[in-house]
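Taken together, the values in this text are just the output of simple stated rules run on the coordinates, not laboratory data. Quick caveat: nothing in here was measured; it's all calculated off a predicted structure. For neighbour counting, all protein chains shown are included, and Cβ atoms are generated from backbone atoms with ideal geometry for every residue, glycine included.
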Amino acid sequence: MRTRGITKANVQYSVLAVLAIAALAAGISYFRKDVAESHRHARLAVLYYTFSRFDAPIIILGDSITEASTLPRSLCDHPIVNAGFNGASTTSDLGTWLLEALDGRRAAAILVALGTNDALPAHSAQAFEANYASLLAQLKTVTDHLAVLGIPAIEMRGRVTAEMRNEAMGRIDALNAILPAVAEKAGAAFVALPPMPTPHTIDAVHLDAAGYAVWDAAVLKWMSGTCSTR
């Protein structure tokens, strides 16, 4: 594992009050490619150092929705590690990224929360299914408890019109319909998200406090359930 030379990126997060689906096609990110890559290396370094301090962590792997979450630091004597990465999708090779950070260690449990960045640019459902299956196969090698979280709904806010929202939700619903079977084939659990309140986002996509109340509850319920099976 090579960590020398990796420095913390000077990443600027933008809270966008106005967001259009066309802009989200870039991966829900307005960062330049070099800045995003620096952020990826910084997150990898942080995770490597974090995992070096703990045994058998509970990990949540996902995109910016995961990265911005504020889950508890531990549960049932296991540290909870946030492995969210802004802009991540099923094409981001997160399995290799996470296994490199684990550096031979095993996780007590891993929950995968991906799909928004696959749905908004209208990636094919077939590619999404294949990519997700490949990711789960990688993660299965480092944990006995694996799960897939449903994709949260987006809203009509700012410049996101009802037509844009309905089009995007059609893709999100289609991917959510695929996920239970993808999880089952991989020997993983599927964690459905309950309906969100209105509103539940700050910018049509990223969750506000009400959205995270629902999201956190679903995540922690599954994590707590794994404690009794270990």
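Here is how the numbers come out for the structure above:
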{"quantity": "Under Karplus coefficients 6.51, -1.76 and 1.60, residue-wise ³J(HN,Hα) of region 90-106 in Hz, glycine/proline x", "calculated": "6, 9, 8, 6, 5, x, 4, 4, 6, 5, 5, 5, 5, 6, x, 7, 10"}
{"quantity": "Spin-label pair ALA217/ALA127, simplified geometry with 7 Å Cα→Cβ offset, distance in nm", "calculated": "3.6"}
{"quantity": "Net lengthening on full extension, THR70/MET156 (0.36 nm per residue, minus Cα-Cα)", "calculated": "28.5 nm"}
{"quantity": "In nm, spacing of pseudo-spin labels at ALA192 and ILE178 (7 Å Cα→C-beta vector)", "calculated": "2.0"}
{"quantity": "Charge tally in the Cβ shell below 15 Å around LEU120, where Lys, Arg are +1 and Asp, Glu are -1, LEU120 excluded", "calculated": "-3"}
{"quantity": "Pairwise FRET efficiency - SER224 versus PHE54, Cβ, R0 = 25 Å, nearest 0.05", "calculated": "0.85"}
{"quantity": "Amide N of region 134-166 lying under 20 Å from the label point, which is placed 7 angstrom from the Cα of GLU100 along Cα→Cβ", "calculated": "134-143"}
{"quantity": "Other-chain or far-sequence residues with amide H under 5 Å of THR201's (modelled H)", "calculated": "ASP208"}
{"quantity": "Rh (Kirkwood; distinct C-alpha pairs) - region 21-227, Å", "calculated": "17.1"}
{"quantity": "Fraction of antiparallel bridges per DSSP, region 21-227 only, in percent to nearest 5", "calculated": "15"}
